[in-house]
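These notes concern the structure reproduced below.
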Amino acid sequence: MTAVIRKAVAGLRVTRPGPLALLQDAGRFGVRRLGVTQGGPADLQAWAWANRLAGNAWGAAALEVTLGGLALEAERELTLALAGADLGATLDDRPLSPWQRFRLRPGQVLRFAQPVGGLRAYLAVAGGFRAEPVLSSLAGVVREGLGGHDGRGHALAEGDVLHVGTEAGEHPVGDEREAPAEARPDYAAMPRLSLLPGAQIAEFEGASLAAAFNTLWRVDDRADRMGVRLRGPTLRCRLTSMISEGISLGAVQVPPDGQPIALLNDRQTIGGYPRLGALTPLACARLAQCLPGQELRLEAVSAERALAEHRRFRAAFR
Amino acid sequence: MSAPGLPRLESAGLDGWLVRLFDVIDEANLPWITALVRDCEAAFGDALVDLVPSYTTLLVIFDPMRMTPGEARSRLAETLAALASDEADGQGEVHELPTWYHESVGPELVPLAERAGLDVAETIARHAEVTYRVYALGFAPGFAFMGSVDPRLETPRLETPRKKVPAGSVGIAGRQTAAYPAVSPGGWNLIGRTAARLFDRDRDGFSLLRVGDRVRFVPVSKQALVRLGADVTTMEDRR
């Protein structure tokens, strides 16, 4: 192991693993031409807030906890922040709501139960979690066996240790302890996901296009960090399959069965199905909090509006 | 360069443009695509986030905090206007992949030969005599889609993909051939096993193969493959 790990100390120990918990920094970039996916937080918005509340700059590695189940015991005094889904977290059996900063003393236990609102919670530590970067990133990608706490993309297992920097127990600069109300999405509200129409949209039949933007879609149970399948009216496209080409984050592809799939952080780098377009990064973030069965709408937006919204969001983070 | 209306810039989300250069798969596309990759790196500098070259296209991902989609589009249009085919570098690196062709590690070798009306030795010879080009990487880190195989060996993917294909497995799907860098699910027709390390996180560049590279499969014995450190576990052992 290199210096990165040597400067780090044990911060949290897993006493009970949940279904899926992975370290995520902003993602793995510059290697997609080698077939390596981008990884990174499925919910960029909540991940960014967890880091901000912990006093971290954009890009620090935080823990993405999917569904809950996980229990972590503090190995030392830590300043942490929790954002995103309410997974019924407790600190030594007292309820701990998300969107706030808190401290753990050695021996204290943070437990996640199951989803109360949303699907993915983000736990950040002051200074960021430490691990060996793989291809310049800590993003944990199970399918590729890259990154994460062990460099092999494994989900956290019982007994695993998350490392932190020695500054992790110090209070971060600034006294913002909670995210303002306007930063907290209402996960109970029906999502309207902004989609930038793509070049193949004209290849879809008129009735299918009307259906795509005017009906309720339901999140299928085939939903993971690679993509989320939506169930609803069958969309018909004149193109059935194409020569494989690079796929953007949030691309909404429509395979021959006519049921769209929104492709997320761990998607394959190239693919050959026609696309309605691409969800904005913030729409991907919102989708990442949807449990199977959630109803949602797709809403076409202009690039100008999407860019303005994205830049407003990013301006809150250094 | 090619078909009417090309090259064309297609919206690929808030932070991306897909450059469509060609409409058919052709080896002659490769020097243009590798040239555009290089030119985009120079033209976008720090605003470049990622590039995904494929058979007929290049996906360009930029940082939307540094550039608007409109600015990125203009930059790409200028880059395309000045694009020249990559004559010097277009040949790509040449790689030889030592491969043991055998039914114990390539369960489709015999059925594929039968379907082609060839004996096994002739099937192997036809796969090994072609110098393939890498058209795209995808599916998994270091997984290179190569073409084109002898028309007699053209075979559709398996109807039901295997849950676990061993690392190094060499396969055919349609007119394409590839080797699996790591254990993964997969639906290609397996005909052998290579010792080549196709993806290595500790090696400069990580992936052995890149778009535009040239590849030959070199038949070797099982013993040679073992000496090269390859896993020669048979498919049956894996079940």
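If you check A:L263, A:L282, A:L249, A:L291 for being assigned by TED's automatic domain parsing to the domain that holds A:L196, at pLDDT 95 or above and touching a Phe, Trp or Tyr at 6+ places or on another chain (Cβ under 7 Å), only one passes: A:L282.
Can we say B:S207 is within 28 Å of A:R28 (Cα to Cα) and crowded, with 22+ Cβ neighbours inside 10 Å? Judged against the criteria, B:S207 is a match. Only residues that are within 14 Å of chain B (Cβ to nearest Cβ) and part of a strand (DSSP E or B) were counted in segment A:150-187, giving 1. Checking A:R238, A:R231, A:R218 one by one, the residue that is basic (K, R), at pLDDT below 95, outside the structural domain of A:N51 (by TED's automatic domain parsing) and out of contact with any His (no Cβ under 6 Å at 6 or more places or on another chain) is A:R238 and no other.
Looking at this structure, is A:L156 buried (at least 24 other Cβ atoms within 10 Å of the Cβ), touching a helix residue (DSSP H, G or I) at 6+ places or on another chain (Cβ under 7 Å) and under 19 Å from A:R16 (Cβ atoms)? So A:L156 fails the test.
Entry remark, segment A:188-206: residues being outside any helix (DSSP H, G or I), within 19 Å of A:P281 (Cα to Cα) and either within 14 Å of chain B (Cβ to nearest Cβ) or open to solvent by less than 50 Å² (accessible area, probe 1.4 Å) (or both) number 8 in total. Residues that are part of a helix (DSSP H, G or I) and either open to solvent by less than 60 Å² (accessible area, probe 1.4 Å) or touching a Cys at 6+ places or on another chain (Cβ under 9 Å) (or both) were ranked within segment A:207-229; the one that is nearest to A:I261 (Cα to Cα) is A:A212. When residues in segment B:99-153 are screened for being among the aliphatic types (A, V, I, L, M), part of a helix (DSSP H, G or I) and surrounded by fewer than 21 Cβ atoms within 10 Å (Cβ to Cβ), 6 of them pass. Those strands (runs of 3 or more DSSP E) of segment B:165-239 in which at least 1 residues are modelled with pLDDT of 95 or more and in contact with a helix residue (DSSP H, G or I) (Cβ under 8 Å, 6 or more places away or on another chain), considering only elements entirely within it, cover B:169-173, B:176-179, B:189-194, B:214-219. Elements of the type strands (runs of 3 or more DSSP E) sitting completely within segment A:232-318 and holding at least 3 residues that are in contact (Cβ under 8 Å) with a residue 60 or more places away in the chain and buried (at least 24 other Cβ atoms within 10 Å of the Cβ): these cover A:275-279. Restricting attention to segment B:48-66, the residues that are open to solvent by 10 Å² or more (accessible area, probe 1.4 Å) and more than 7 Å from every other protein chain (Cβ to nearest Cβ) total 3. The set of residues in segment A:9-50 that are within 14 Å of chain B (Cβ to nearest Cβ) and charged (D, E, K, R) comprises A:R28, A:R32, A:R33.
Scanning segment B:191-239 for residues that are within 14 Å of another protein chain (Cβ to nearest Cβ) and of a type in the set (A, V, I, L, M) yields B:L198, B:L208, B:L209, B:V211. Could you please let me know if B:A88 is at pLDDT 95 or above and open to solvent by 10 Å² or more (accessible area, probe 1.4 Å)? The answer is no for B:A88. Only a single criterion out of (1) under 24 Å from A:S136 (Cβ atoms); (2) assigned to a helix (DSSP H, G or I) is not satisfied by B:L14, namely (2). Of the residues making up segment B:36-66, those that are in a loop (DSSP other than H, G, I, E, B) and either in contact with a Phe, Trp or Tyr (Cβ under 8 Å, 6 or more places away or on another chain) or free of Cβ contacts under 8 Å to residues at least 12 places away in the same chain (or both) are B:S54, B:Y55, B:T56, B:M65. Restricting B:V134, B:V149, B:V105, B:V130 to residues that are touching a residue at least 12 places away in the same chain (Cβ under 8 Å), within 14 Å of chain A (Cβ to nearest Cβ) and either more than 14 Å from the chain's Cα centre (by Cα) or closer than 24 Å to A:L34 by Cα (or both) narrows the list to B:V134.
The values are calculated or read from the model by the stated rules, or taken from the named source; none is laboratory data. If you're wondering where the values come from, they're calculated on a predicted model, not measured in any experiment. Neighbour counts run over all protein chains shown; Cβ positions are idealised from the backbone, glycine included. With ligands, DNA and RNA removed, areas are computed over all heavy atoms of the protein, side chains included. Shrake-Rupley method; radii C 1.70, N 1.55, O 1.52, S 1.80 Å.
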